[in-house]
Amino acid sequence: MHRAGENLLGLPASGFASVADSSHREVLRATAVLGGSQVLIILLSAVRAKVFAVLLGPAGIGIAGMYLSITGVVGSVAGLGIRNSGVRQIAEAVGTADSQRIGRSVAVLRRVTLLTGVAGALALAILAFPLSRISFGSDAYGWALVLLSVTVLFGQVSAGQYALLQGFRRIGDLARVSVLGVLAGVVVGIPLVYVLGVRGIALSLVAVSVTSLAASWVYARRVPVRPASMTLRQTWTEARPLLRLGAVFMTTGLMATATVYLTRVLVARGLGTIQLGLYQAGATLAGLYVGMIIGAMVADYYPRLTAAAADQAMTTRLVNEQAEVGLLVAVPGVLATMALAPLVIRVLYSAEFLGAVPMLEWQGLGLIFQVMTWPVGYVLLARGDGRAFFWTQLATNLLNILFMWLGITLFGLVGTGIGFFAGYVASWLVIFLVVRRRHGFSWSRANIGLWLVILPSVAAVFAVLQLMAQPWAMVVGGAGTLGVMFYVVRRLNRVLGESAIRLALRKIGALVPRGRRGATRDAAAPTDVSGDPRSDAVPPGPPEKG
């Protein structure tokens, strides 16, 4: 339920003016609260990645990444975008305070996710051997894919539980479910790989899906919902709007997951499974920090942007403020990942994966443009411009595949990083031009001035990494990163009117359990806090390839 004095989106009832006045603060607040749980998830995932890297080597990591891509594509099709459309339907029902309508919405959501999950699992089991031949060039992985079909079922049912929690705005519960699911997956998955080696990869992924399902089910049962008795005809009538809206999310989500899958196929078929493992490791590291930042920011940004979508001036202001804070928060982490890549890879993986360092450095450049791109792309969704959103997604994903193919053909593994960078530069340009032409968007002087500082700084660190030998490249690049971090903190303090670090730490405290159930809530529901690579939340532009 939303709190008194707020509408369903959690915005002050007094209107949009107060939202705009505190926009920078709201952006950082949402990032801190939801980012706190993402940090725990990243740490747990890092432990699992390290153990897997030592036990399996690059080839095993590549196989695991391909498994995730295959189940991601099938899950996106089977999911029909219900994770996102379900949130909207549940939230609308909760806003009416009608217990019968809420009960019907929840019942329909659970039945549809179960049905689509079963259909997706059967589809993957039937197509397992053809997909093995397409992905790996042989039938050797067919039975593993048959086993992984159950993860599509469990993942879809879990998505329904996440949608229920998100629709009821139980943000603290969502964060805890995510952490518990990953923690249990680490505890169960690592022993399976230790005992069975490569044969245990599929079983470990099944274990993760089971534990995630169990955690989501425990917390979803705590939500007070009145049971609803519905016939099949009534269920279908209620499900039609859910499926219609979900189809839009499914289509764009499928583009993203298909692009990720095709990229891995290009690497595996063109360079081999060992190079695929290096790619998987580098892409995962590249996407960790920025993925956390974007996932946390979307939680607050998209609802506020949607509420202000009718006001062009307000929309432009919100996008510019989001882009400014997003770039300031993301740049230090991206530069640190680039500068310390050899050390980070040794710590989180092993020396066998150091071949991914040049690719990771190029991907860092692409991540800067990813952060600059996504706030603009959400204008199309917020203003209901579905046709433009579809075509920009199609164009940017096709460009991404083209640049990846060219990069791999011309430069090998490092070409995937070059292709990633080129894809996001093209995405930034395409999306900006479309949104400017259709919705009158323009960049603020503050953002242009910020680029004139950040982009040369990033280019300088990148040049140091290319021209200097280790360990001096790491030392000088690290010093440059500290300099940029100092600038970022000072600018954030000036924008917020107080210490950005103290504000972030204060808001992370919102995750501390309160009350008997510890259901911490927040003003805006997150787009995705599950850490699940099969999530059908779709940021505009080429997909993250972690």
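Structure data summary
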{"read-out": "Number of positions in the range 483-499 that are surrounded by fewer than 13 Cβ atoms within 10 Å (Cβ to Cβ) and part of a helix (DSSP H, G or I)", "value": "3"}
{"read-out": "Residue within the range 410-420 that is modelled with pLDDT of 85 or more, touching a Pro at 6+ places or on another chain (Cβ under 9 Å) and closer than 18 Å to residue 331 by Cα present", "value": "yes"}
{"read-out": "Residue among 361, 352, 321 that alone is at pLDDT 90 or above, on the phi < 0 side of the Ramachandran plot and of a type in the set (Asp, Glu)", "value": "361"}
{"read-out": "Selected residue [modelled with pLDDT under 85 and closer than 30 Å to residue 382 by Cβ] from 254, 232", "value": "254"}
{"read-out": "Number of positions in the range 140-170 that are in a loop (DSSP other than H, G, I, E, B), farther than 19 Å from residue 75 by Cβ and at pLDDT 85 or above", "value": "1"}
{"read-out": "Of all residues in the range 452-481 being under 27 Å from the mean Cα position of the chain (by Cα) and of a type in the set (A, V, I, L, M, F, W, C), the one that is surrounded by the most Cβ atoms within 10 Å (Cβ to Cβ)", "value": "461"}
{"read-out": "Odd one out for residue 74, checked against (1) under 29 Å from residue 250 (Cβ atoms); (2) surrounded by fewer than 24 Cβ atoms within 10 Å (Cβ to Cβ)", "value": "(2)"}
{"read-out": "Among the candidates 333, 386, residue that is of a type in the set (Gly, Ala, Ser), over 17 Å from residue 291 (Cβ atoms) and surrounded by fewer than 24 Cβ atoms within 10 Å (Cβ to Cβ)", "value": "386"}
{"read-out": "Residue among 202, 220 that is closer than 16 Å to residue 110 by Cβ, of a type outside the set (Phe, Trp, Tyr), touching a helix residue (DSSP H, G or I) at 6+ places or on another chain (Cβ under 6 Å) and crowded, with 22+ Cβ neighbours inside 10 Å", "value": "220"}
{"read-out": "Filter result for residue 306 (at pLDDT 85 or above and of a type in the set (Ser, Thr, Tyr))", "value": "no"}
{"read-out": "Residue 365, sole failed condition from (1) closer than 23 Å to residue 326 by Cβ; (2) buried (at least 24 other Cβ atoms within 10 Å of the Cβ); (3) of a type in the set (A, V, I, L, M)", "value": "(2)"}
{"read-out": "Residue 373 part of a helix (DSSP H, G or I) and over 30 Å from residue 165 (Cβ atoms)", "value": "no"}
{"read-out": "Unique match (being part of a helix (DSSP H, G or I) and closer than 23 Å to residue 462 by Cα) among 354, 318", "value": "354"}
{"read-out": "Members of the range 152-199 found to be of a type in the set (Val, Ile, Thr) and surrounded by 24 or more Cβ atoms within 10 Å (Cβ to Cβ), listed by number", "value": "152, 171, 177, 182"}
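So that you can scan it fast, the table gives a plain yes or no per residue for (1) without any contact (Cβ under 8 Å) to a residue 40 or more places away in the chain; (2) part of a helix (DSSP H, G or I); (3) polar (S, T, N, Q); (4) out of contact with any strand residue (DSSP E or B) (no Cβ under 9 Å at 6 or more places or on another chain):
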site	(1), (2), (3), (4)
43	yes, yes, no, yes
54	no, yes, no, yes
60	no, yes, no, yes
65	no, yes, no, yes
76	no, yes, yes, yes
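The values are calculated or read from the model by the stated rules, or taken from the named source; none is laboratory data. All figures in this text were calculated on a predicted structure; none of them were measured in a lab. Neighbour counts are summed over all protein chains in view; Cβ atoms, including those assigned to glycine, are modelled from backbone coordinates with ideal geometry.
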